[in-house]
Amino acid sequence: MPQHTHGVAPPVFNDNAFKLGFFASNCSGGMAVTQVAERWQNTWENNLRLARLADAAGIEFMLPIARWIGYGGETDFHGNVLETMTWAAGLLAHTKNINVFATIHTACNHPVVVAKQIATIDQIGRGRAGLNIVCGWNKPEYDAMGQTLPDDHETRYEMGQEWYDIIRKLWYEDARFDWDGKYFKLKGAYGQPHPIVGKVPIFNAAGSTQGREFATRNADFLFTSAIDLGRSKDEIAGIKALAAAQGRKVDVLTFSYVVCRPTAKEAEDYHHYYSQTHADWAAVDNIINLMFAHAESFPKDQLKLIRDRFSGGHGGYPLVGDPVTVADGIQKLHEAGFAGSTLSFVDYAEEFPYFRDNVLPILEARGLRKAFKVQS
C-alpha cells in the first residue's frame with residue numbers, strides 16, 4: 001500500500017469553487033505569441049519568483065508545457081523551454097502550499113522511470129507533486145527524437161493507457177510484477193517509494209473522442225478550450241456524464257490569459273499592442289497548422305477567432321479589462337461549468353501582483369474562492 005507520511009490532501013483537491021493555476025511559465029514567451037520586448041523570459045530566477053508569489057497567494061497549481069522544438073517565427077516561440085520534471089522538483093523544494101505538475105509525454109518517457117521520478121519529487125514537495133499526461137500530437141518533436149507519431153488517436157491513447165496502468169501499479173502496489181503488454185515488456189518490476197499521500201493528481205488535455213475517453217477513465221481534471229461558453233456548457237455536461245458512466249468524477253478546467261489594468265481602455269490598448277500590432281504571426285500560423293493537422297484541441301469552425309486568441313494567449317480565453325471585468329469573465333467561466341482555469345500574462349511575475357491585489361478579493365467576495373491562509 002502507499003506510504004502515508006503527510007496527511008494533507010493535494011492543493012488542487014481543495015474546496016475552492018474556482019481553482020487557479022499558472023500555465024507555461026517554463027516556456028519562452030509563456031502563452032503570448034508576441035514580439036514585444038517585455039514578453040516573458042523563462043529563466044529559472046523568473047520561475048522561482050513567480051512560484052513564490054503564487055505560493056503565498058493561494059494559487060492551486062503550476063503547470064508546465066513539455067516542449068522540445070519551437071514554433072519558429074521571429075521569436076521561435078517556445079524554442080527555449082525548461083524541462084518539466086526537473087523544473088517541478090526545483091519549485092517544489094522552494095514552495096510550501098502549491099501543487100507543481102510535471103508534464104510528461106508517454107512516447108519518450110519510460111513509465112518505470114516516470115513513476116520513480118514523480119514519487120521522488122512528491123517527497124520533495126511533501127505530497128504536492130502532480131502529473132500531466134500527454135499522449136502525443138506534435139509531429140516535428142517526434143521527428144526530432146527519431147520517432148513516428150501514429151496517425152490515429154486510437155493508437156496514441158492505447159499506448160497511453162498501458163503506460164499509465166504501469167505507473168499506477170508501481171505507485172499503489174508493493175509486489176513485484178511482470179508485464180507482457182503490447183507496448184511494454186517488464187520483468188520483476190516494482191516501485192519504491194510510493195507517492196506519500198497515496199494520491200497524485202492527474203491532468204490531461206483532450207479534444208478528440210478517444211482523448212476524452214482516456215481522460216475520463218484516468219484523470220482528475222480534464223483541460224479543454226473555452227471558445228464559446230454556450231458550447232462549453234454542453235461540452236462539460238457531456239464530459240461529466242461520460243465520467244459518471246465509469247463511476248468517476250472528473251472536473252473540467254480551461255486556460256485563460258489576463259490583461260488587467262486600472263481601466264478597460266488601458267487593458268484593451270495593451271492587448272491590441274502586444275497581440276495584434278506586435279504579434280509573431282508566423283509562429284501563430286505554425287502552431288495552428290500543427291494543431292489542426294495532428295490534434296483536436298480547438299473547433300475548426302472558428303479559425304479567425306482562434307487565430308486572434310492564439311496571438312494573445314495560445315488560444316486561451318481572454319480576460320481583458322479592469323479588475324471587475326476580469327472577475328466577471330472568471331465568473332462566466334464558472335457559470336459555464338468550469339472548475340477552474342490557468343492564468344498567463346505577458347510578464348507573469350510583473351503583472352500577477354496587480355491581479356492578486358485587485359481581482360482575487362472580488363472572487364472571494366463572490367464566493368468563487370476563499371481567503372487563503374498560508375500553511376506552515
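Structure summary
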| quantity | calculated |
| --- | --- |
| Residue among LYS265, LYS233 that alone is surrounded by 12 or more Cβ atoms within 10 Å (Cβ to Cβ) and either assigned to a helix (DSSP H, G or I) or touching a helix residue (DSSP H, G or I) at 6+ places or on another chain (Cβ under 8 Å) (or both) | LYS233 |
| Selection count where residues are open to solvent by less than 10 Å² (accessible area, probe 1.4 Å) and assigned to a loop (DSSP other than H, G, I, E, B), scope the range 17-41 | 11 |
| Complete set of residues in the range 7-16 that are surrounded by 15 or more Cβ atoms within 10 Å (Cβ to Cβ) and modelled with pLDDT under 95 | PRO10, PRO11 |
| Near pairs, Cβ below 7 angstrom, 6+ apart or cross-chain, from the range 83-107 (surrounded by fewer than 19 Cβ atoms within 10 Å (Cβ to Cβ)) to any residue that is assigned to a loop (DSSP other than H, G, I, E, B) | LYS96/GLN375 |
| Yes/no for ASP228 being of a type in the set (D, E, K, R) and either at pLDDT below 95 or buried (at least 22 other Cβ atoms within 10 Å of the Cβ) (or both) | yes |
| Residue list for the range 239-251, filter: within 15 Å of PHE214 (Cβ to Cβ) and either open to solvent by 40 Å² or more (accessible area, probe 1.4 Å) or assigned to a helix (DSSP H, G or I) (or both) | ILE239, LEU242, ALA243, ALA245, GLN246, ARG248 |
| Selection within the range 108-120 - β-branched (Val, Ile, Thr) and open to solvent by 10 Å² or more (accessible area, probe 1.4 Å) | VAL112, VAL113, THR120 |
| Residue that is most open to solvent (accessible area, probe 1.4 Å), among those in the range 333-371 that are closer than 22 Å to ALA32 by Cα and assigned to a loop (DSSP other than H, G, I, E, B) | ASP347 |
| Pair list, Cβ under 6 Å, 6 or more apart: the range 109-138 residue farther than 16 Å from ASP165 by Cβ and at pLDDT 95 or above, other residue of a type in the set (Phe, Trp, Tyr) and open to solvent by less than 20 Å² (accessible area, probe 1.4 Å) | GLY130/PHE101; ASN132/PHE101; ASN132/PHE203 |
| Unique match (being modelled with pLDDT under 95, open to solvent by 70 Å² or more (accessible area, probe 1.4 Å), within 19 Å of the chain's Cα centre (by Cα) and of a type outside the set (Lys, Arg)) among GLU154, GLU213, GLU158 | GLU213 |
| Tabulated pairs, the range 194-220, first assigned to a loop (DSSP other than H, G, I, E, B), second among the hydroxyl-bearing types (Ser, Thr, Tyr) and at pLDDT 90 or above, C-beta under 9 angstrom, 6+ apart or interchain | HIS194/TYR172; PRO195/TYR172; GLY198/TYR172; ALA206/THR216; ALA206/THR224; GLY207/THR224; GLY207/SER225 |
| Residue satisfying condition, being within 21 Å of ASN16 (Cβ to Cβ) and either under 22 Å from the mean Cα position of the chain (by Cα) or of a type outside the set (Val, Ile, Thr) (or both), within set ILE236, ILE167, ILE227 | ILE236 |
| Qualifying residue in the range 50-70 (condition: touching a Pro at 6+ places or on another chain (Cβ under 6 Å) and open to solvent by less than 20 Å² (accessible area, probe 1.4 Å)) | yes |
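The values are calculated or read from the model by the stated rules, or taken from the named source; none is laboratory data. Note that the structure is predicted; figures quoted are calculated from it, not measured. Note: ideal-geometry Cβ built from the backbone for every residue, glycine included; neighbour counts use all protein chains shown. Quick note on the areas: whole protein, heavy atoms, side chains included, nothing else; ligands and nucleic acids left out. Shrake-Rupley method; radii C 1.70, N 1.55, O 1.52, S 1.80 Å.
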